[in-house]
Amino acid sequence: MKHFINIVWEKKEEDVDAIIVDAVLECADEALTEDETNYDIGETEKGGLILTVETHKALKDSESTIVAERIANKLFDLGYKSFDVEISV
């Protein structure tokens with residue numbers, strides 16, 4: 001993926017699924033310009049969990065900050081507390 005959003009949890013989260021993906025997509029509308037978006041859920045080298053969502057364009061630094069804050073706030077609202085949001089620029 002050329003442009004992406006990663007959400008990384010240090011520990012494996014059992015309930016990361018389509019609901020989380022939908023929440024991320026809802027928060028990242030500036031980066032999504034197509035109807036279909038690819039995503040992948042995998043494991044980090046240290047046994048954590050990583051959700052990667054493909055974006056359709058590169059974001060400016062200011063846009064990526066806004067999107068990252070939206071995603072973080074949404075995940076906090078859903079009860080997640082320990083994660084990192086990474087966005088390619």
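Label separation (Asp40 vs Asp77): 2.9 nm, computed from points 7 Å beyond Cα along the C-beta direction. Each residue of segment 44-55 is assigned a 3J(HN,Hα), and the resulting list reads 7, 4, 9, x, x, 10, 10, 10, 10, 10, 6, 10 Hz, derived from the Karplus form 6.51 cos²θ - 1.76 cosθ + 1.60 (θ = phi - 60°), x at Gly and Pro. Lysine pair count for the chain with Cα-Cα distance under 14 Å and sequence separation of 8 or more or different chains is 5. May I ask you to derive the FRET efficiency for Asp84 and Asp15 from their Cβ-Cβ distance with R0 = 22 Å, giving the value to the nearest 0.05? Here the calculated transfer efficiency is 0.75.
Kirkwood radius, segment 4-87, all distinct C-alpha pairs, inverse of mean reciprocal distance: 12.9 Å.
Bear in mind that the values in this text are calculations on the coordinates, not laboratory data. Predicted model only: the values in this text are computed from it and were never measured. Virtual Cβ from ideal backbone geometry, glycine too; neighbours counted across all protein chains shown.
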